[in-house]
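Everything below concerns the one structure shown next.
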Amino acid sequence: MSHLHTTPVKVHTCHRCRTVVLTGWAEGLHTRADPTPLNRAGIIAAILTTRTIYRLTRTGLIHLDQERIKSANRAPVLPEHHCGNPTPTEHHATTTDDTTETTEEVIPF
Ligand SMILES: [Zn+2]
């Protein structure tokens, strides 16, 4: 078996903070990721804070480096699990970015 093997993820509970994490081997590195996908703002925030991010695929977690992140792959992007440092809700892909209600402002003249 190659030392860069990748395995499908498994769902675990973090021993320290008791949150659900996805674990698996990502190209030879044992990885724990938060299960909630990031939206674009979350991906940018992760890059800025040098938090490792992964693309979740059928074969497992793929480490996203600067080259891979440019590809148009639409698979969910997950952040590395950091105990006590969960992803802010506004960075969750499940939270829609553009829900600001556009209220038509009527000019009274
Ligand atoms: Zn934890």
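Every number in this text was worked out from the coordinates using simple rules, so none of it is lab data. Just so we're clear, the structure is a prediction, and the values are computed from it rather than from any experiment. As a convention, Cβ positions derive from the backbone with ideal geometry for all residues, glycine included, and neighbour counts pool all protein chains shown.
Would you calculate, for the chain, the mean residue ellipticity at 222 nm contributed by helices, counting each DSSP H stretch of 4 or more residues as -39,500 (n - 2.57) and dividing by all residues, to the nearest 500?
Details: 1 runs with 9 residues, N = 109.
Calculated from helices alone, the mean residue ellipticity at 222 nm is -2500 deg cm²/dmol.
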What is the pair-distance distribution P(r) of segment 10-91, computed from all Cα-Cα distances in 10 Å bins starting at 0, with each bin given as a whole percent? 19, 55, 25, 1
Charge sum, other residues only, whose C-beta stays under 15 Å from GLY84's C-beta, Lys/Arg counted +1 and Asp/Glu -1: +2
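About the Cα centre, and with charges only on the beta carbon of Lys, Arg (+1) and Asp, Glu (-1), how big is the dipole of the chain? Nearest 20 debye, please. Intermediate results must be reported in sequence, preceding the final value.
Values: 11 positive and 11 negative charges, 157 e Å.
So the dipole magnitude of the chain works out to roughly 760 debye.
Which trypsin sites (Lys or Arg not before Pro) does segment 16-46 hold that lie in a coil by DSSP with at most 12 other beta carbons within 10 Å? Intermediate values should be presented prior to the final figure.
On the way: sites: ARG16, ARG18, ARG32, ARG40; in loops: ARG16, ARG18.
Hits after loop and neighbour filter: ARG16, ARG18.
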